[in-house]
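K.L.:
This structure is in structure tokens; I'll ask about it shortly.
The values are calculated or read from the model by the stated rules, or taken from the named source; none is laboratory data. Source: prediction; values computed, not measured. In this analysis, Cβ positions are derived from the backbone assuming ideal geometry, glycine residues included, and neighbour counts consider all displayed protein chains.
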Amino acid sequence: MQSSIRSVLLIKNKETALSAKRLKLIFTEKGSSIMLRFPQHTHDGRAKDGENWMSLEVSRAVVPVERVAVGRIACSQSMAAAGAAGGHSLCPGAAYRDIGKYVLITRQWNRTAKTIAGTGYRKKVRSVSSDFLNWSKPELAIEGLDLRMQIHDMPVVPYAGVYLGMVGLFDVGASKQWCELAWGPDSIEWHRIQPGKPLIPNGAVMGNYDWGCIVPSKPIVRKDEILIYCGANDGRFMAWRSGYLALARLRPDGFAGYEQILGGSNKTCSVTTKAVSVVDNSLCVSADVAPSGFVKVTLLDKNNKKLAEGNLVTTTVSDAEIEWKDGFSFKKLKGKKIKLKFELRESKLFSFSFNQ
């Protein structure tokens, strides 16, 4: 490929037959457009699995907007390690209203916007394709709260029925970047979780390998932990800096949780859900619990009438089944709508789920 090509996203479809369209590339050429390529055919019509690539109509532009810079790839930890800047992500084709389609979330850069650090404004846009060749006009997906705090990149991962975005938050004033969290029900609508609070913060000491920049990749979800590989830098974003490969670890379901922040150790807080449908035979929770803390679960009907109370959860657990007082059988609620009231003391609730 030409030297002007950078920031490559490699996609491998799950087709069983070897075909030229099993592998796909999305990349930036000359820093201005997102382009497509497919592998070349061998003499028998099969692809060489990425050894040689052919242009698609001399590199078809996917997002011909004012200026688009594409960089660190959601699916590639090696690119993050190499310190590539920017970010695009290809969402799975199960997004709401886009079943069976490719969903590309990438960065749009307005080079003329005025900021405290000069010019340039970054935001994430979304484009959709059913065939990987023809893409919809990009629409805004998510942006920062102001011109200083800009969203530079955002790898996306489907998780627990929603989409999570690893927000690369770029402070153009301080010239530093860290990782925050966003979520969306369908890859179209996005919500920030505690803007300004890092999921993966920078190192505290200037010169540390992660003091200047954290560039996250797509999380790797395992049964007992979540791994997030990151590109890390010891200097400011807009300066010469050394690059490192870093690894952040989260407990299962540990992206975000509810916890008491005021009141002291002898106080409790409570969170009550909207009415939810019981889809299985038991209720499970994941929570961190201090030695003197607990999580208490109370079941309510739609009119807030108490149905049952669970035994206290007094230790840190992952997907632990709630046991009920007075011999209550949770199975009889299957198919009904209920509310869940969680009372927390010196604990953090990460998730609840219905399981067999």
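K.L.:
Do you know which of the residues in region 291-331 that are of a type in the set (A, V, I, L, M) and farther than 15 Å from Val278 by Cβ is surrounded by the fewest Cβ atoms within 10 Å (Cβ to Cβ)? Full working, then the answer.
P.N.:
First, pick out the residues of region 291-331 that are of a type in the set (A, V, I, L, M): 295, 297, 299-300, 307-308, 312-313, 317, 320, 322.
Adding the requirement that they be farther than 15 Å from Val278 by Cβ leaves 295, 312-313, 317, 320.
On the way: Val295: 28, Leu312: 17, Val313: 23, Val317: 18, Ala320: 15.
If we take residues in region 291-331 being of a type in the set (A, V, I, L, M) and farther than 15 Å from Val278 by Cβ, then Ala320 is surrounded by the fewest Cβ atoms within 10 Å (Cβ to Cβ).
K.L.:
I need every pair where a residue in region 168-179 that is assigned by TED's automatic domain parsing to the domain that holds Gln194 and on the phi < 0 side of the Ramachandran plot has its Cβ under 8 Å from the Cβ of a residue that is crowded, with 20+ Cβ neighbours inside 10 Å and basic (Lys, Arg), sequence separation at least 6 or different chains.
P.N.:
These pairs meet every condition: Gly168/Arg72; Phe170/Arg122.
K.L.:
May I pose another question? From the list Val279, Val271, Val285, exactly one residue is touching a residue at least 24 places away in the same chain (Cβ under 8 Å), outside the structural domain of Glu225 (by TED's automatic domain parsing), of a type outside the set (S, T, N, Q) and surrounded by fewer than 12 Cβ atoms within 10 Å (Cβ to Cβ). Which is it?
P.N.:
Numbers: Val271 fails: surrounded by fewer than 12 Cβ atoms within 10 Å (Cβ to Cβ); Val285 fails: surrounded by fewer than 12 Cβ atoms within 10 Å (Cβ to Cβ).
Answer to the selection: Val279.
K.L.:
Residues that are touching a residue at least 60 places away in the same chain (Cβ under 8 Å) and under 12 Å from the mean Cα position of the chain (by Cα): does region 197-206 have at least one? Break it down stepwise before answering.
P.N.:
Applying the first criterion (touching a residue at least 60 places away in the same chain (Cβ under 8 Å)) to region 197-206 yields none.
Within region 197-206 (the criterion being touching a residue at least 60 places away in the same chain (Cβ under 8 Å) and under 12 Å from the mean Cα position of the chain (by Cα)), the answer is no, since none of the residues qualifies.
K.L.:
Sticking with this one: Out of region 219-241, which residues are in a loop (DSSP other than H, G, I, E, B) and either out of contact with any Pro (no Cβ under 9 Å at 6 or more places or on another chain) or of a type in the set (A, V, I, L, M) (or both)?
P.N.:
Applying the first criterion (in a loop (DSSP other than H, G, I, E, B)) to region 219-241 yields 219, 222-225, 234-241.
Listed by number, the residues that qualify are Asp234, Gly235, Arg236, Phe237, Met238, Ala239, Trp240, Arg241.
K.L.:
Residues that are in contact with a Gly (Cβ under 9 Å, 6 or more places away or on another chain), at least 3 per element: which strands (runs of 3 or more DSSP E) completely within region 136-205 meet that?
P.N.:
Working: elements: 139-142, 149-153, 156-159, 162-171, 176-184, 191-193.
Fully inside region 136-205 and qualifying: 149-153, 162-171, 176-184.
K.L.:
Does Pro201 satisfy the condition of being in the same structural domain as Val103 (by TED's automatic domain parsing), surrounded by fewer than 16 Cβ atoms within 10 Å (Cβ to Cβ) and in contact with a Pro (Cβ under 6 Å, 6 or more places away or on another chain)?
P.N.:
On the way: in the same structural domain as Val103 (by TED's automatic domain parsing): yes; surrounded by fewer than 16 Cβ atoms within 10 Å (Cβ to Cβ): yes; in contact with a Pro (Cβ under 6 Å, 6 or more places away or on another chain): no.
When the stated conditions are applied, Pro201 does not pass them.
K.L.:
Give me the pairs, please: first residue somewhere in region 229-255 and in the same structural domain as His152 (by TED's automatic domain parsing), second residue anywhere and assigned to a loop (DSSP other than H, G, I, E, B) and of a type in the set (Lys, Arg), beta-carbon distance under 7 Å, and either six or more positions apart or on two chains.
P.N.:
Within 7 Å, the pairs are Gly231/Arg72; Asn233/Arg241; Asp234/Arg241; Gly235/Arg241.
K.L.:
Filter region 242-299 down to the residues that are of a type in the set (Ser, Thr, Tyr) and assigned to a strand (DSSP E or B) and list them by number.
P.N.:
Once the filter is applied, which keeps residues that are of a type in the set (Ser, Thr, Tyr) and assigned to a strand (DSSP E or B), region 242-299 yields Tyr244, Tyr258, Ser270, Thr272, Ser277, Ser282, Ser286, Ser292, Thr298.
K.L.:
Moving to a separate point now. Just a yes or no: is a residue in region 314-337 farther than 29 Å from Ser292 by Cα and in a strand (DSSP E or B)?
P.N.:
Yes, that holds for at least one residue.
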